[in-house]
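Readers should treat all values here as calculations from the given coordinates under stated rules, not as data from a laboratory. The structure displayed is predicted, hence computed values, not measured ones. Quick reminder, even Gly has a Cβ in these numbers, built from the backbone with ideal geometry, and neighbours come from all protein chains shown.
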Amino acid sequence: MNALVSPDLDQGTILVVDDEPDILVALEDLFEDDYRVLKATSPLQALDILKNEPDIAIIISDQRMPEMQGDEFLTKARSLSNAESILLTGYADLKAVIGAVNNGRIMAYVPKPWDPSTLHSMVASAYERHRLSQRLETERSLLHGLMDSTEDGIAFKDLEGRFVRLNGSKARALGIQAGDGIGCHERDFIPSSKAEDVERLDREAIAAAHPIETIEELTVGDGGQRWILTQRIPILDQEGTVTNLAAIERDITDRKLMEMRLRQADKMQALGTLAGGVAHDFNNLLMAVLGSLDLASRRLPDDPRLSRLLQNAIYAAERGASLTQRLLSFSRQRDLTLQAVDVTQVIHDMNDLLTRTLGTHLRIERTLTEDLWCATVDPDQLELAILNLCINARDAMPESGTLTLSTRNATVGEDDVADLAAGDYVVVSVSDSGVGMPPEVLNRVFEPFFTTKEVGKGTGLGLPMVYGLAQQSGGTVTIRSVLGQGTQVDLYLARSATPAVPAGDEDPAGVEASVKAHILLVDDDAEVRSVTAAYLNEMGHQVTEAPSGASALEIIAQAADVDLLVADFAMPEMTGLELAVQARKLRSGLRTLLVTGYADPEKVPEGYPVLNKPFGRKELAVQVTNLIDDPGARDL
């Protein structure tokens, strides 16, 4: 029978094995104050105890016992436990001692009778050795588990640069098995140019005696970019001397791409702030220029030469207006008219435009999917985006080549496409067989104003505008390019839940109001106000002009026959929206049209129609006609 002492978490466990009960009692008396003592009167009983007691720290065994000798027992015990072993014997049997040392791996041999203090000290040393062994085993298991499970490449080197240990990830990166690298230098498996950099950085970390980090940018086989963060950590002994070097290599491509997207978002936000700040004044100038040119072209004598000059001026001003709209669009300062759109029809309608714009030196191929889903997008901005992508493709093929415009339905899963939620999408692809782009250019193509074209041939706004449109429409843009092989841009547009509504034959812009009205026109810019008033007068309306919100309120208070308020959104002291609110307090139900160069649509409450500058006579006529002829507009 073995007597058990109540276990103490702070006590080690000792197993004593002897066929003489008196010996067991003596050993128990010697150790029970400091250890938990288990007793066995035979080796077989002791082996059963070892099977059920995994935390035994020390085995003290007699050598001569009836069932088996102590050295044989300790050899079998070694397969069940990593406990430290002490052999006791009253007979000097050198062969047995050698067998116990070699097979049972005993740490001490003690003759009987023993000296209690010597044996106690020996057991204490054995217990500390066991505890140290356990800690080392735990650390070894943790280290092996970390190295074998992590995707990071981990290697330990000596001061000569030879591998002491490397994990599977590092070995795979070198194209070897982990065991094959031990004792070798890293230069044995990598190009010499890269090996020189690796060894130089290793020496720097060892000399500095503290960790250093480096980031390496790599170009992989498909032309993509990968970023590897390497931490070099010197291993120091107790005296602070470097004994080894640990190197941990981590693929941080996802993090770098996220940082790049965040920087892109910051740039877009900054550009939006800039665009919003200048758009009002710029659009007012364009409004005055375009309006004056339009009025002049319709009032001057029919002179072909003069008409051509006016048309050139109008075209140049419209290019300026288009540039401002593109700025505001991808900086999210311009409201998009999102609706269900038949993308195939949009592309068909662009045939003539693409042929005229792209020239005849290219072969244009179209691969349009039948039964293409409808997309949710602003149709005008989609047309502009496709045109920009096709122009970029043309410019990448200065001599000749093939431009392919294709569409497809795509069901995207989580994480299939960066920055794109799972769902159904319509994909418009524009690919070329041109020169392609190097990685350093490809990484910057969505940056506002970044362009590789000559001065005057590119603004650097084409792809950013496409990216902004996609983001506002719930989609995204991806781009793939290989030097010498060409580029493909995929524009992802969210699938519409409703079918596209075909455009009507009637052009509402040509419809004049059936009722002529008294219109109060408010704008702090005299030139814009003059052009707008001229348009309204041509339509047959009575126009009263006011340069500010305060003067407009005075007119409304005195004139009971004002039918419509047309007010600039951004004016000093009182905005057009604030004016409209105050005006409706004086005249309940007064119809209002806000005109603006850059107003954030989120700041305009529902019930206030908005017309963006610069606008033409037809766009103004549509809004005025709708407000005057619609009886329900009086109740807004």
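Given a cut-off of under 8 Å on Cα pairs at least six residues apart, what relative contact order in percent is computed for segment 150-251?
On the way: 181 pairs, mean separation 28.5, N = 102.
Once normalised by length, the contact order is 28 percent.
Quick one: what Rg and Dmax do you get for segment 114-228 from the alpha carbons, in Å?
Final numbers for Rg and Dmax: 20.8, 77 Å.
If packing is taken as the average number of other Cβ atoms within 10 Å across a peptide's residues, how do 360-369, 527-536 rank, most packed first?
527-536, 360-369
5 Å is the cut-off here: which amide hydrogens, built 1.01 Å from N in the peptide plane, fall below it relative to G401, excluding neighbours closer than 5 in sequence?
Distant-sequence amide H within range of G401: R363.
Gain in length, R187 to E414, computed as 0.36 nm per residue apart minus the alpha-carbon separation, to one decimal in nm?
Extending this stretch completely gives an extra 77.7 nm.
Out of residues 5 or more away from R165 or on other chains, whose amide H comes under 5 Å of its own, with H placed 1.01 Å from N in the peptide plane?
HN-HN under 5 Å from R165: F156.
Sort 232-239, 481-488, 469-476 by packing, meaning the average of other beta carbons within 10 Å per residue, with the highest value first.
Result, highest mean Cβ count within 10 Å first: 469-476, 481-488, 232-239.
For segment 508-635, what is Rg from Cα atoms divided by 2.2 N^0.38 Å, rounded to two decimals?
Numbers: Rg = 13.1 Å, N = 128, 2.2 N^0.38 = 13.9 Å.
Taking the Cα Rg and dividing by 2.2 N^0.38 Å, one obtains 0.94.
List the residues whose amide H sits under 5 Å from the amide H of V482, counting only those 5 or more places along or on another chain, with H placed 1.01 Å from N in the peptide plane.
Close amide H contacts, sequence-distant or interchain: M437.
With θ set to phi - 60° and the Karplus curve 6.51 cos²θ - 1.76 cosθ + 1.60, what are the ³J(HN,Hα) couplings of segment 521-537 in order, to the nearest whole Hz, using x for Gly and Pro?
Calculated HN-Hα couplings, in order: 9, 10, 7, 6, 8, 5, 5, 5, 4, 5, 5, 4, 4, 5, 4, 5, 5 Hz.
Would you mind getting me the FRET efficiency between T369 and L159? Use the beta-carbon distance for r and R0 = 60 Å, nearest 0.05.
After rounding to 0.05, the efficiency reads 0.45.
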